[in-house]
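Just below is one structure, and these are the notes that go with it.
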Amino acid sequence: MQALIKKFPCEGLWLEEVPEPTVGVNDVLIRVHRTGICGTDIHIYNWDKWAEKTVLTPLIVGHEFVGEVVETGSNVSGFTSGDIVSGEGHVVCGQCRNCLAGRRHLCSETSSVGINRSGAFAEYISIPSTNVWRHAPKIDLDIAAIFDPFGNAVHSALAFPLIGEDVVITGAGPIGVMATAVVRHAAARHIVVVDPNSYRRQLASIMGATLVIDPRERDLKEIQAELGMVEGFDVGIEMSGSTAALRSMISNMCHGGSIAILGIPGADSEIDWSTIVLNMLTIRGICGREMYETWYKMTVMLNNGLDISSVITHRFHHREYQKAFEAMKSGESGKIVLDWSK
Ligand code: NAD
Ligand code: ZN
């Protein structure tokens, strides 16, 4: 089969013929139809410091995908050939205290598809059946391909109650703009989205932001006055990884406000702890998706009219992966989907 592999420990990815994966007794073999490119794939492509210390070559990369079940292991029930499925990329141990308590997203022995184990940028992928999510047969395949990052957006956005609340989202990358759509769908009042990138601010507007701002030009305090807010934002959702963004968010929250942080800040990021303490802010780190409550909520919201389709700005055949990675690196993109048909 064809697969995009990280063949050597240097910049680049290679499209090669590799053997089809074997199917263990607890596994499901999936013919991949579409995949999404994640920021993580860019880190691996560029072979930055994080990739260097995390990834062992050679490796099939990629973890955002949709496909069709073609074979199931002898222990697997509940899936049949032809089912349209995506995969939860976090493979958990199933035996630790958190796993046994049903809190699988908190497993400390998690391995990740396309990072520590064979990935989805391939014609076939085999994953444990406990990692397979079946879609409604008529789901839009492009949307199904990005359930993983959509899940990051939903997990973060729904961390705190939203109805009637004033929300600030920092970072209008693909995940930030999907979170914007979710927060709008969940009936927040004002949604202010902050990003220095004008292409992405425009996407955030399309996805339901009340107001988008460039942090180099406008300050959240001044925006609050403009929107008639007096006490600060009720909910903050950090999706940029920028410490400057987090600092500005913290200083613009109402007393008792709540912040969900998905963006991964650099080492030694200094923030104003006294404001967190004195204003009694709640801060929650978010990783991945809840298994499978987040997947359930994504499915139900889409069925109830949530439209995230504008986040997909580019589509390429998998053989054009170089063009796709270039588009992704340009910053002038939302989600990019690769087609794995022959
Ligand atoms: P992305 O890199 O595409 O988007 C980040 C956005 O932040 C960009 O549009 C950038 O212009 C913007 N930004 C930069 N500086 C800013 C500032 N000072 N204020 C406001 N915005 C600023 O990322 P993405 O794929 O949308 O993911 C969002 C974040 O979540 C990233 O930091 C990513 O590493 C992280 N992430 C975390 C998890 C997890 O499980 N915790 C999973 C996926 C992604
Ligand atoms: Zn575990």
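The values are calculated or read from the model by the stated rules, or taken from the named source; none is laboratory data. Please read all numbers here as calculations on a predicted model, not as lab measurements. Here the Cβ positions follow ideal geometry from the backbone for every residue, glycine too, while neighbour counts run over all protein chains shown. For the accessible areas, the whole protein counts, side chains as well, though only heavy atoms, and no ligand, DNA or RNA atoms are used. Shrake-Rupley method; radii C 1.70, N 1.55, O 1.52, S 1.80 Å.
Below is a table of values for the structure above.
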item: Test: residue in region 205-213 that is crowded, with 17+ Cβ neighbours inside 10 Å, farther than 19 Å from residue 159 by Cβ and within 11 Å of ligand 1 (Cβ to nearest atom); result: yes
item: Of all residues in region 95-109 being open to solvent by 50 Å² or more (accessible area, probe 1.4 Å), within 16 Å of ligand 1 (Cβ to nearest atom) and under 30 Å from residue 68 (Cβ atoms), the one that is nearest to the chain's Cα centre (by Cα); result: 105
item: Matching option when the condition is open to solvent by less than 50 Å² (accessible area, probe 1.4 Å), closer than 14 Å to residue 37 by Cβ, under 16 Å from the mean Cα position of the chain (by Cα) and not β-branched (Val, Ile, Thr), among 288, 263, 334; result: 334
item: Exclusive hit being away from ligand 2 (no atom under 16 Å from the Cβ), within 21 Å of the chain's Cα centre (by Cα) and assigned to a loop (DSSP other than H, G, I, E, B), set 62, 67, 82; result: 62
item: Some residue of region 13-31 being within 19 Å of residue 321 (Cβ to Cβ), part of a loop (DSSP other than H, G, I, E, B) and open to solvent by 60 Å² or more (accessible area, probe 1.4 Å); result: no
item: Total residues in region 184-196, condition on the phi < 0 side of the Ramachandran plot and either open to solvent by 40 Å² or more (accessible area, probe 1.4 Å) or not in a loop (DSSP other than H, G, I, E, B) (or both); result: 8
item: Any chance residue 247 is surrounded by 14 or more Cβ atoms within 10 Å (Cβ to Cβ), among the charged types (D, E, K, R) and either within 20 Å of the chain's Cα centre (by Cα) or closer than 14 Å to residue 151 by Cα (or both); result: no
item: Residue in region 126-138 that is within 16 Å of ligand 1 (Cβ to nearest atom) and outside any helix (DSSP H, G or I) present; result: no
item: Residue within region 140-152 that is touching a Cys at 6+ places or on another chain (Cβ under 8 Å) and assigned to a helix (DSSP H, G or I) present; result: yes
